[in-house]
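Working notes, beginning with the structure itself.
The values are calculated or read from the model by the stated rules, or taken from the named source; none is laboratory data. All values reported here derive from a predicted model rather than from experimental measurement. Virtual Cβ from ideal backbone geometry, glycine too; neighbours counted across all protein chains shown. Accessible surface is based on the protein model in full, side chains and every heavy atom, while ligands, DNA and RNA are left aside. Shrake-Rupley method; radii C 1.70, N 1.55, O 1.52, S 1.80 Å.
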Amino acid sequence: MTDTPLRFHVPQPASRPGEQPDFSHVVIPKAGSVERPPVDVDPKDIRDLAYSIIRVLDREGQAVGPWVPDLSPDDLIRGLRHMMTLRSFDARMQMAQRQGKTSFYMQHTGEEAVSCAFRIALSDGDMNFPTYRQAGLLIAHEYPLVDMMCQIYSNGRDPLKGRQLPVMYSSKESGFFSISGNLTTQFVQAVGWAMASAIKGDTKIAAAWVGDGSTAESDFHAALVFASTYKAPVVLNVVNNQWAISTFQGIARGGSGTFAARGLGFGIPALRVDGNDYLAVYAAAQWAIERARRNLGPTLVEYVTYRAGAHSTSDDPSAYRPKQESDGWPLGDPLLRLKEHLIAIGAWSEERHTQTQAEILETVIAAQKEAESFGTLHSGGKPSARDMFEGVYAELPPHLRRQRQQLGV
Amino acid sequence: MPRMTMIESIRSAMDVSMGRDENVVVYGEDVGFFGGVFRCTHGLQQKYGVNRCFDAPISEAGIVGTAIGMAAYGLRPCIEIQFADYMYPAYDQIVSEAARLRYRSNGDFTCPIVIRMPTGGGIFGGQTHSQSPEALFTHVAGLKTVVPSNPYDAKGLLIAAIEDPDPVIFLEPKRLYNGPFDGHHDRPVTPWSKHELGEVPEGHFALPLGKAAIRREGSAVTIITYGTMVHVAEAVAQETGIDAEVIDLRTLVPLDLDTITASVAKTGRCMVLHEATLTSGFGAELAALVQENCFYHLEAPVRRVAGWDTPYPHAQEWAYFPGPARVGQALREIMESR
């Protein structure tokens with residue numbers, strides 16, 4: 001027995017407001033340097049992939065290495081347009097919130113590649129169980145911007161009749177499960193959906209989504225247990241954007257090294273991917289999706305990215321991290337990187353980019369005008385108070401009928 | 001007509017439902033090969049295969065969470081939480097997810113699941129095998145809560161619950177699994193084979209959710225109750241000679257308010273009786289509704305009889321349980337009240 005006093009350990013981020021950003025702890029391997037194993041590899045043979053980062057685009061904008069996906073220049077231009085649309089959409093909706101047209105908004109700045117590229121790797125009929133920062137899944141599936149905006153405005157055309165906080169979209173048709181707002185609950189639901197698809201002998205797969213901070217929820221553990229036990233056809237996505245509101249990822253990660261490594265104890269193969277590299281995200285997604293479709297079971301994928309903006313319109317990151325931290329992020333900006341790649345392969349130019357940007361802005365503004373013609377949160381058309389009582393159950397029960405009568409609607 | 005215990009009738013309900021609809025799947029802890037710790041799913045895996053009846057990891061949140069995903073896909077999971085006392089890890093999934101999915105997605109996704117849970121005491125189960133948490137569900141918009149009191153109802157209500165388009169909490173009073181229990185714990189156990197509601201049709205039948213049953217007609221006082229306490233109330237009416245009308249709610253949400261108000265309007269007196277703890281129990285809701293709807297018919301204050309506001313004890317089980325002595329005493333006081 002020693003007299004050493006016990007020490008309590010609280011992890012701290014590398015830098016705080018007023019300090020220089022420091023990402024020296026994020027070890028970035030060279031693009032193209034990580035092997036691409038066959039999808040039927042034994043998970044225990046690729047444990048190192050949970051500690052590396054799969055990257056395709058190098059510093060010169062070239063796609064290199066074994067993970068270069070089979071995407072044509074047209075596919076990539078389409079991907080760039082999706083990401084630009086999402087960024088433009090974010091800017092307009094952020095502004096609309098500041099103008100009092102809605103209560104709340106959440107941007108994707110810096111994380112556009114993750115959801116936009118993943119969606120392209122899925123097939124129709126597959127189901128995502130997203131969090132609030134995967135609107136790229138809708139945009140890359142050509143879901144109408146007007147419908148998204150009507151949801152954000154809770155107006156008379158809101159597909160969810162004003163019942164949900166802005167950005168908590170739902171579209172079964174687009175393979176986008178209703179967003180809860182509670183964290184990680186949907187992660188295990190995705191596993192259940194995938195189990196059902198397997199029980200029925202279907203061919204569809206599910207994709208689960210969670211952020212770095214929410215992996216600490218016990219539902220995350222439950223999801224990994226069920227996915228592992230029943231070999232569910234599901235891709236388990238962890239978007240590590242470094243920050244859970246004001247809490248740096250080290251608080252949820254603890255001593256495990258990476259979030260991807262969480263899968264290893266469950267025998268679930270884990271990939272760690274450059275989340276700001278559209279091609280790498282697509283390639284990793286495709287690998288994991290193929291495993292699911294071939295009855296090889298779940299894959300855990302960690303996307304290493306950075307939340308360049310605030311958590312939401314209610315958040316001010318300058319209170320907890322250096323203002324210029326985003327500039328120091330070593331994996332760059334996903335839009336710029338894909339743009340540079342397209343220019344490097346001769347499929348794109350600054351002129352076309354500027355022109356496309358203007359076109360997209362015009363499209364988004366037109367959608368916004370149309371959405372606002374149906375009302376915003378505080379003016380114009382809105383769902384009726386009567387709607388509030390509908391849909392709690394398939395049929396209106398007597399007590400809700402009485403309450404609706406009391407309100408006089 | 002065949003006679004069944006409540007275990008057999010619950011099993012029969014799942015069997016019939018699985019036979020009629022291949023989207024019905026059954027799982028939970030020890031539910032598959034073994035057939036459940038109370039044997040309710042015995043033989044279902046052998047009959048329908050491991051794809052439709054299987055063992056789950058010990059993770060209530062995982063069991064309910066996966067069931068919600070399965071329901072969103074299009075299945076109709078009927079899952080078991082081994083004891084209602086174990087449901088708390090799943091509470092977030094039940095309250096924030098299952099209950100609200102139809103509402104928040106405007107019907108884009110729905111959640112037709114049944115969560116079966118053995119509930120209540122009377123078996124010396126102590127605090128972790130005896131709780132009656134129904135009020136934690138009746139307080140949640142979007143859930144239906146069912147508590148059967150006999151084999152016939154259990155089968156008809158469970159089939160209705162499985163066929164219902166919304167999530168249903170199905171609480172099975174475990175003390176009633178093998179026979180009606182009137183609270184006289186010192187007397188020999190009566191089997192369901194000697195009770196008329198132990199007669200259960202073999203095939204398909206459904207009882208509507210939201211319809212109460214009058215177990216004993218009476219004119220002096222109304223006892224509103226459900227589950228195990230139905231049998232206690234009937235016995236007390238018999239033993240005291242007080243002409244009580246005993247209402248078995250069967251479903252707490254949706255509630256059959258019409259049957260309640262018609263009875264209290266007739267009798268002018270009312271006892272609300274449940275095994276769950278008193279404070280903020282479902283009895284508080286019932287008492288408030290009787291007061292709001294029957295005030296001018298009441299000749300005495302509405303009286304609640306319930307479990308004490310303590311954790312469910314082990315050695316003191318019969319001091320805790322609102323048995324015939326306490327119910328009888330309260331009933332006499334209601335009748336004496338002017």
Single unsatisfied condition, B:Val140 versus (1) open to solvent by 30 Å² or more (accessible area, probe 1.4 Å); (2) among the aliphatic types (A, V, I, L, M); (3) in a loop (DSSP other than H, G, I, E, B) = (1)
Verdict on A:Phe226 being open to solvent by less than 30 Å² (accessible area, probe 1.4 Å), in contact (Cβ under 8 Å) with a residue 12 or more places away in the chain and within 7 Å of another protein chain (Cβ to nearest Cβ) | yes
(1) touching a helix residue (DSSP H, G or I) at 6+ places or on another chain (Cβ under 6 Å); (2) part of a loop (DSSP other than H, G, I, E, B) all hold for B:Ser12 apart from (2)
State all residues of the range A:212-255 that are closer than 26 Å to A:Val39 by Cβ and in a strand (DSSP E or B); if no residue qualifies, say none.
-> A:Val234, A:Val235, A:Leu236, A:Asn237, A:Val238, A:Val239, A:Asn240
Name the residues in the range A:150-167 that are aliphatic (A, V, I, L, M) and open to solvent by 10 Å² or more (accessible area, probe 1.4 Å), would you?
-> A:Leu165
Only one of (1) in contact (Cβ under 8 Å) with a residue 60 or more places away in the chain; (2) farther than 23 Å from A:Arg307 by Cβ; (3) within 13 Å of chain B (Cβ to nearest Cβ); (4) not aliphatic (A, V, I, L, M) fails for A:Asn128. Which number is that?
-> (2)
Pairs returned, first residue in the range B:291-303 that is over 17 Å from B:Ala330 (Cβ atoms), second residue that is outside any helix (DSSP H, G or I) and among the basic types (Lys, Arg), beta-carbon separation under 9 angstrom, 6 or more apart or interchain, are none
When every residue in the range A:1-27 that is open to solvent by 100 Å² or more (accessible area, probe 1.4 Å) and either in contact with a Lys or Arg (Cβ under 7 Å, 6 or more places away or on another chain) or among the charged types (D, E, K, R) (or both) is compared, the one farthest from A:Thr258 (Cα to Cα) is A:Asp3
So which of B:Val305, B:Val290 ends up being β-branched (Val, Ile, Thr) and either open to solvent by 30 Å² or more (accessible area, probe 1.4 Å) or assigned to a strand (DSSP E or B) (or both)?
-> B:Val305
With respect to B:Ile242, is the statement that it is open to solvent by 60 Å² or more (accessible area, probe 1.4 Å) and aliphatic (A, V, I, L, M) true?
-> no
Applying the selection to the range B:234-282, what residues are within 14 Å of chain A (Cβ to nearest Cβ) and touching a residue at least 24 places away in the same chain (Cβ under 8 Å)?
-> B:Leu249, B:Thr251, B:Leu252, B:Val253, B:Pro254, B:Leu255, B:Asp256, B:Leu257, B:Thr259, B:Ile260, B:Thr261, B:Phe282
Can you find a residue in the range A:357-372 that is over 26 Å from A:Gly275 (Cα atoms) and touching a Cys at 6+ places or on another chain (Cβ under 6 Å)?
-> yes
Number of the condition not met by A:Lys161 [criteria: (1) more than 8 Å from every other protein chain (Cβ to nearest Cβ); (2) more than 27 Å from A:Ala244 (Cβ to Cβ)] = (1)
Among what's in the range A:84-129 and is open to solvent by 20 Å² or more (accessible area, probe 1.4 Å) and of a type in the set (D, E, K, R), pick the residue that is farthest from A:Thr354 (Cα to Cα).
-> A:Asp124
In the range A:232-257, how many are over 16 Å from the mean Cα position of the chain (by Cα) and surrounded by fewer than 18 Cβ atoms within 10 Å (Cβ to Cβ)?
-> 8
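Residues are listed down the side, and each one gets a yes or a no for (1) in contact (Cβ under 8 Å) with a residue 12 or more places away in the chain; (2) farther than 23 Å from A:Trp243 by Cα; (3) under 27 Å from the mean Cα position of the chain (by Cα):
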site	(1), (2), (3)
A:Ala14	no, no, yes
A:Asp22	yes, no, yes
A:Ala31	yes, yes, yes
A:Pro38	no, yes, yes
A:Pro43	yes, yes, yes
A:Ile46	yes, yes, yes
Residues that are free of Cβ contacts under 8 Å to residues at least 24 places away in the same chain and either facing chain B (nearest Cβ under 7 Å) or crowded, with 24+ Cβ neighbours inside 10 Å (or both), drawn from the range A:174-202 | A:Ser178, A:Ser180, A:Asn182, A:Ala196, A:Ile199
